[in-house]
Amino acid sequence: MIVIIAAIVGAILGALTARRRKGRTADILQYAFVFALGFALIGLFATIFITRAAL
């Protein structure tokens, strides 16, 4: 669940960042994808850490 939420937030932040920098559609999509991927990876590590701490 954390991973999905982090990916969505990352995609939104990436798209907003590219739009703020006056990027074209391809730039906005690329930023959204890369930010989503990065945030999902951070969310994955957070999920692993939380799961292991609970045991």
* **For the chain: relative contact order, % (alpha-carbon pairs under 8 angstrom, 6 or more apart)** => 48
* **Whole-number accessible area per residue in Å² for the chain, which is evaluated in the context of all protein chains at 1.4 Å** => 81
* Asked: In degrees between 0 and 90, to the nearest 10, how far off the longest principal axis of the chain does helix 25-54 point, with axes built from Cα atoms?
  -> 10
* Each label point is 7 Å from the Cα along the Cα-to-Cβ direction; what then is the distance between the points at Arg20 and Arg52, in nm? -> 3.3
* Asked: What's the Cα-based Rg to Rh of the chain, Rh via Kirkwood?
  -> 1.17
* **Principal-axis tilt of helix 2-20 within the chain, Cα atoms, nearest 10 degrees** => 20
* Asked: Considering only protein heavy atoms and a 1.4 Å probe, what is the carbon-and-sulfur percentage of the accessible area of the chain?
  -> 75
* **Ile28 accessible area, assembled protein chains, probe 1.4 Å, Å²** => 30
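The values are calculated or read from the model by the stated rules, or taken from the named source; none is laboratory data. Being a predicted model, the structure only gives us computed values, none of them experimental. Glycine also receives a Cβ, built like all others from the backbone with ideal geometry; neighbour counts cover every protein chain displayed. Ligands, DNA and RNA are excluded from the accessible area calculation, which covers all protein heavy atoms including side chains. Shrake-Rupley method; radii C 1.70, N 1.55, O 1.52, S 1.80 Å.
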